[in-house]
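Undergrad: Sharing a structure, written as structure tokens. Questions coming.
The values are calculated or read from the model by the stated rules, or taken from the named source; none is laboratory data. Note that the structure is a prediction, hence the values are computed from the model and not measured. All Cβ positions, even for glycine, are placed from backbone atoms using ideal geometry, and neighbour counts span all protein chains on display. Protein only, heavy atoms only, side chains kept; ligands, DNA and RNA dropped before computing areas. Shrake-Rupley method; radii C 1.70, N 1.55, O 1.52, S 1.80 Å.
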Amino acid sequence: MAKSGFVGAMVWGQVWRVGEVALSLLFTVLVVRSLDEASFGVYSTIITFVTIMIFVLGLGLSDGLVRYVPVLNAREPAAPFRLFRLFLFIRLAVCLLGGILIWFGRSWLSAVFNQPFFESDSGLLIIIVVLYNLTDLTGIFYSSLLWVKSIVVIRLAGQLSTIVFVTVGFWLFQPSVPLLIAGLCLSNLWMVLASLLGKARSGLRATLTPPSPVQRLPLREIFSYSRVLWLINLATLGLLGQMDIFLLALLTRDIQGIGFYSLAALLVGRLLVLLQAWSTSLGSIVSTVYLEKGLPGLERYFVFYYRFSLPLQLIPMGGLALVAGPFVGLVFGERYLQAVSLLAAMAWFQVIYALLGNTITTAFLNTLGRQRAALVWRCSCSLLNLALNLLFIPAWGPLGAVLGTGISLALLHLLEGWLVRELFLKVRWSYILKIAGGVVSGAWLAGFIGGAFLPSLLGRGFFYLAYLLIFFLVTRPLTAQDLQLLHSIRPGAARILRHFSRTPA
């Protein structure tokens, strides 16, 4: 693959992130404004169930595509399509089997999660489980072949069509959860069809001819790899926010609380997608650096990426915690103000995670071959999260779920950081104190600005940004090495940021 192909894939990947977040936020506003709090809680529980089913029914096949499609494509152009066709049949068969189990267990699911939808509309539930799984597999296949532009167009058009379907449906009929799920089914159906009948069609047609013995797929190796990744994904399900929603449904029966928690988690998650989009290719970059420059090069890159990621995550997350109240009240209405404390707590936990290097640590410990120890810690923290949620949720409801998951993830990132502690020792603590001190003090001072939603939002935001600008101009956290590296990448940014350094480049 030419260098331009990688660059194009990265650019379109970023477009995907930005467009996905924008359309997702628009869709969320539409849904939250249209449904009452209890109905939004029901919808959140259903989508959480479907998301978990992607992990359970996926069998690691998507991970297998990511790993082996490029390898097979270099060997023989038709091979990736043969693998995709096989995986497509397997995924469809497993999903149909899962659908049968859901059908026979619909009364039990309805009773366990206190959601009549699981029984009254089990057909819709089965359809969306199948379609979400197929959408996941087709999207991964396109991305594995670096057909990023094509899948971005399909996915963004699909999200836009969802908004159109739901808007028209809510306008013609009374807004309801079944109508909303039906709109999601329609949009996912056409996305799957567009993927199969689009750029992949000619390749799939070529698989109709039987392969020669030399073209046979290394299925034993592929299935073994996929199975391992599937087990790892299952082992870490306990750290996902979706499991908190399940536990809230089981332990509290607080449907409105589930809606508040889901809204807060969605807003934090979407912002995090934007802030961490740059790290998508970090694993391959770090591996290349270690191969070419050894441990000294790895240390330098760790310091750079940590220093780069810290303000990039701390400043927006601190700002989100600061404006959570006026933002939620202005955009989603006063009836969702109970989500503000959850949103603020999640945002501050993200600040803690960033201080522990959550965005970059995994890539470096994998490159150093310490992933087995990391898996042990991940499984342990997953069990800890389950225990803390069982302890905190009955006492504090949704806030207990935030605290249980937040503490567990903070401990996990601390342990992962300990696995690469020799790299962390290269980071100057003064830089961390300056960035964190500016964000915490700025958010604290700006928090005293009150008033109506819009004036408070604007006043807090303006004061926070102005304070950080002055704070960093005074403390000047950047070094000459930072400016030199920035100058080689973005000369314009280096000229602007030189004012935040005490020493010239």
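Undergrad: Please pick out the residue among Arg378, Arg372 that is without any contact (Cβ under 8 Å) to a residue 40 or more places away in the chain and either open to solvent by less than 10 Å² (accessible area, probe 1.4 Å) or closer than 30 Å to Lys293 by Cα (or both). First the steps, then the outcome.
TA: Values: Arg378 fails: without any contact (Cβ under 8 Å) to a residue 40 or more places away in the chain.
Within the list Arg378, Arg372, the selection yields Arg372.
Undergrad: In the list Ser202, Ser176, Ser224, Ser187, which residue meets the criterion of being open to solvent by less than 20 Å² (accessible area, probe 1.4 Å) and at pLDDT 75 or above?
TA: Working: Ser202 fails: open to solvent by less than 20 Å² (accessible area, probe 1.4 Å); Ser176 fails: open to solvent by less than 20 Å² (accessible area, probe 1.4 Å); Ser224 fails: open to solvent by less than 20 Å² (accessible area, probe 1.4 Å).
Checking each option against the conditions leaves just Ser187.
Undergrad: Quick one: which of Leu365, Leu291 is without any contact (Cβ under 8 Å) to a residue 60 or more places away in the chain and open to solvent by less than 10 Å² (accessible area, probe 1.4 Å)?
TA: Numbers: Leu291 fails: open to solvent by less than 10 Å² (accessible area, probe 1.4 Å).
Sole residue among the options that is without any contact (Cβ under 8 Å) to a residue 60 or more places away in the chain and open to solvent by less than 10 Å² (accessible area, probe 1.4 Å): Leu365.
Undergrad: Restricting the first residue to the stretch 30-59 and requiring it to be at negative phi, which pairs with a second residue that is open to solvent by 40 Å² or more (accessible area, probe 1.4 Å) and not in a helix (DSSP H, G or I) meet a Cβ separation below 6 Å and a spacing of at least six or different chains?
TA: Taking only residues 6 or more apart or on different chains, the pairs are Ser34/Pro175; Leu35/Pro175.
Undergrad: When you check Gly400 against the structure, is it surrounded by 22 or more Cβ atoms within 10 Å (Cβ to Cβ) and either over 28 Å from Asn366 (Cα atoms) or at pLDDT 90 or above (or both), yes or no? Show your work before the answer.
TA: Details: surrounded by 22 or more Cβ atoms within 10 Å (Cβ to Cβ): yes; either over 28 Å from Asn366 (Cα atoms) or at pLDDT 90 or above (or both): yes.
Here the answer is yes, as Gly400 does meet what is asked.
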